[in-house]
1. Evaluate 2.2 N^0.38 Å with N set to the residue count of region A:36-187, then give the Cα radius of gyration divided by it.
2. In percent, what relative contact order does chain A have, based on Cα pairs under 8 Å that are 6 or more apart in sequence?
3. Can you give me the convex hull volume of the Cα atoms of region A:66-153, divided per residue and expressed in Å³?
4. Binned at 10 Å from 0, what are the whole-percent values of the Cα-Cα distance distribution for the protein assembly as shown, short to long?
5. How high is the relative contact order of region A:108-194, in percent, with contacts defined as C-alpha pairs under 8 Å that are six or more residues apart?
6. When the dipole is taken about the Cα centre of chain A, and only Lys, Arg (+1) and Asp, Glu (-1) are charged at their Cβ, what size is it in debye, to the nearest 20?
7. Could you derive backbone 3J(HN,Hα) for region B:114-119 from the dihedral phi with the Karplus parameters 6.51, -1.76 and 1.60 (θ = phi - 60°), listing whole Hz in sequence and x where the residue is Gly or Pro?
8. Would you compute, from DSSP H runs of 4+ residues alone, the mean residue ellipticity of the protein assembly as shown at 222 nm, taking -39500 (n - 2.57) per run and dividing by the full residue count, rounded to the nearest 500?
Number of protein chains: 2
Amino acid sequence: MERLESMLKKNEEFVAKGEGKKFKASKFSNKNMLVITCMDARLIKMLPEALDLKNGDANIIKTAGALVCAKSENVLRSILVSVYELGVEEIFVVGHYDCGMAGFCCDNLLEKWKDRSDIQQGVQQLSNEGVNFERWLKGFDHVEDSVKDSVSFLHEYPLLPQGIKIHGLIINPEDGRVDHVTSLTKEEKIERTF
Amino acid sequence: MERLESMLKKNEEFVAKGEGKKFKASKFSNKNMLVITCMDARLIKMLPEALDLKNGDANIIKTAGALVCAKSENVLRSILVSVYELGVEEIFVVGHYDCGMAGFCCDNLLEKWKDRSDIQQGVQQLSNEGVNFERWLKGFDHVEDSVKDSVSFLHEYPLLPQGIKIHGLIINPEDGRVDHVTSLTKEEKIERTF
């Protein structure tokens, strides 16, 4: 419990000093934008600085590999809430180089679990409930292709309104450099580079 | 395309000045922790500061409402990768007050879509594909209950190892105050407050 105790103690000081008030913002994204990126620990402060995002500027969804597909239930719900409830007009899918989801597949985990009887029981239970590990625990081969796939998927997604812009970017977690991969606007059907 | 152009221009300056190098970190969470929180625009800089997180300290998953349940495919995959590939030993579910998912239900969106024929077609298409809008587009009544539910769900989740600690917190986006709601360790079965 040491981590929690120390975190709460530091938080008390943070609040007492009024530090939090410096970040006060509206829940409606100032820049009418949504960023979908990875959970990677190197992006916590790097990404907002590299993309020039202040507190309140954007909704940010984070999920391993910044992957979006038809099965991304939480991500798609979050996108719909952002677009229809919070005024988002532009979506940025931001993958990153050296991502743990590059080359990742279910074998990576199944191998780690093979000698653990408690987890093996869990695997069996979820398999019985219909979970398809191979389809579910899947990363990508190349981050560029993955970002393009997510952008294309969103471009075709039938619940997003005409006019919405969807960009694909890749950030380098070493120096914060951002590369532009693709941009599509919902009424356009032809992919193009910027 | 103005937002993208201006963002890429600022990014060039950022990289040229070597600003990104200040944030250099390992992809393995320094604090062996994972934070699951909301996509809310007010949390971009507020949350890392309020929880004393430096770049590289934690994996961070962001999804509307910080909701985790059996259907949270992306979130669960991200958690498994964090725990088994990136050394995470402690999970913090961090909901927030004034969350857009409090009181949210599918009617909020269905009402907005009712006069839009393009989106109505999409609703019909996804319904035909088996999407259950009522179950999918659902928030929660009270953030405390929702955080407790997510913590309990993870505590029972059969693919998480014994010994892993799961905490439930709520952050106030006005001043950054963090309230502790619940903590469970995977071998414990009794919920308790700290």
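Derivation of every value follows stated rules applied to the coordinates shown; laboratory data play no part. Quick caveat, the model's predicted, so the values are computed rather than measured. Note that each Cβ is placed from the backbone with ideal geometry, even for glycine, and that neighbours are counted across all protein chains shown.
1. Rg over 2.2 N^0.38 Å, computed on Cα atoms: 1.14.
2. Reported as a whole number, the value is 21 percent.
3. Looking at region A:66-153, the number lands at 121 Å³ per residue.
4. 5, 24, 35, 26, 9, 1
5. So the answer I get is 19 percent.
6. 680 debye
7. Karplus-based 3J(HN,Hα) across region B:114-119 equals 5, 9, 10, 5, 4, 6 Hz.
8. Roughly -11000 deg cm²/dmol at 222 nm, from the helical runs in the protein assembly as shown.
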